[in-house]
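The values are calculated or read from the model by the stated rules, or taken from the named source; none is laboratory data. Fair warning: this is a prediction, and the values are worked out from it, not measured in the lab. Heads up, the Cβs are rebuilt from the backbone with ideal geometry, glycines too, and the neighbour counts pull from every protein chain shown. To get the accessible areas, we keep the full protein, side chains included, count just its heavy atoms, and leave off ligands, DNA and RNA. Shrake-Rupley method; radii C 1.70, N 1.55, O 1.52, S 1.80 Å.
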Amino acid sequence: MDVSWEDSGWERLGHGVGRRRMPIWDATIGLVAGADAVLLYDTGSTIREGAEIRAQAQALLGGRRVTHIALSHPHFDHVLGTAAFAGAEVYGAVGVDALMRRERDAIRGDAVRHKVPAAEAAEAADLLVAPHHLVCGEWTLELGGLQVLLANVGPGHSGHDLALLVPGDPEVVFCGDLVEESGEPQAGPDAIPSRWPAALDRLLALGGEDAVYVPGHGAVVDAAFVRRQRDALAERFGVS
């Protein structure tokens, strides 16, 4: 690698695995490198931000390009940078492709409401990349000496929540906004609160007790934190 994870503002979570906490909304970007392919988990809130992530990832990995992208859910701060990664294969939960095409203007409007400059939001929405590959259940990706698992564990925070399991010691689970550490979990108009606790049960079954869980926003947590958040959500929304 040309630069260290820490020097570039990324947090190393394991061999070839790391994440960056983006400014303003503290959204997580995950990066996983195998011998033959590189997977990015979420892409930022604008094409400019996506290009910055792309350049940093290439610097970290000796010039290697991102070949695969997994989108955790279809909110602006997680998907609007995808067009910066030409040629990457994009994955999402089943149904998210149609939603992103249908709700392109709503995604742009949400970005503007959250203070993304209107011109940048419009550019990213015009070039919005919907997933090419749709995950119903689980999908194993071979990155070259490393198999990672995409899991459609939602709905919950949205109608289309996709998690990523990276094997190792420890295993790393990228949770998207099903888990948040830097604030109370946000339930917007597309959330399905009655099914959110069950989504976290599936997330815990995926990673187990010893995994590292990476929230969509905030610091890395453990299984006990995810379980407490699950119970708090169940109480908040009146579900078991």
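Note that region 88-134 presents 52 Å² accessible area per residue, ligands and nucleic acids not counted, probe 1.4 Å. Counting protein heavy atoms only, region 1-147 has 51 percent of its accessible area on carbon and sulfur, 1.4 angstrom probe.
When the Cα positions of 223, 41, 96 are compared along the charge dipole of the chain, 96 comes out farthest toward the positive end, with charges on each C-beta of Lys, Arg, Asp and Glu. Residue 114 contributes about 80 Å² of solvent-accessible surface, heavy atoms of the protein only, 1.4 Å probe. Where a ≥ b ≥ c are the square roots of the eigenvalues of the C-alpha gyration tensor, would you call region 58-169 rounded, which needs a/c under 1.5, or, failing that, prolate if a/b is larger than b/c, or oblate? Oblate, because a/c is 1.5 or more while a/b does not exceed b/c.
Distant-in-sequence amide contacts of residue 70, defined by a placed amide H-H separation under 5 Å and a gap of 5 or more residues or a different chain, comprise 40, 41, 42, 91. Comparing mean-square fluctuations of 32, 212, 112 from a GNM of the chain with C-alpha springs under 10 Å, the top value falls on 112. Remark: region 66-152 carries a charge dipole of roughly 200 debye about the Cα centre, counting +1 on each Lys and Arg Cβ and -1 on each Asp and Glu Cβ. Each Cα pair under 8 Å and six or more residues apart adds its separation to the average, and for region 154-240 the resulting relative contact order is 33 percent.
Of the trypsin sites (Lys or Arg not before Pro) in region 93-146, which ones lie in a loop per DSSP and count no more than 14 other C-beta atoms within 10 Å?
Taking region 93-146 and a limit of 14 other Cβ atoms within 10 Å, the loop trypsin sites (Lys or Arg not before Pro) found are 115.
Counted over the chain, the DSSP beta bridges are approximately 65% antiparallel.
From Cα pairs below 8 angstrom and at least 6 apart in sequence, can you work out the relative contact order of region 14-94, rounded to a whole percent? Working shown, then result.
On the way: 158 pairs, mean separation 22.6, N = 81.
It comes to 28 percent, rounded to a whole number.
Take every pair of alpha-carbon atoms less than 8 Å apart whose residues are at least six positions apart; their mean separation over the length of the chain yields a relative contact order of 16 percent.
What order do 132, 73, 15, 68 take when sorted by accessible area (1.4 Å probe), most exposed first?
Working: 132 105, 73 0, 15 160, 68 35 Å².
Ranked from most to least accessible, the order is 15, 132, 68, 73.
May I ask you to list, by number, the DSSP H helices of the chain whose Cα span along the axis is at least 18 Å and whose average Kyte-Doolittle hydropathy reaches 0.0 or more?
Working: long enough: 47-60 (19 Å, -0.24); 223-237 (21 Å, -0.51).
Helices meeting the span and hydropathy rule in the chain: none at all.
Taken about its Cα centre, the chain carries a charge dipole of about 400 debye when Lys and Arg each add +1 at the Cβ and Asp and Glu each add -1 at the Cβ.
Put the Cα centre of region 115-143 next to the Cα centre of region 155-204 and the gap is 18 Å.
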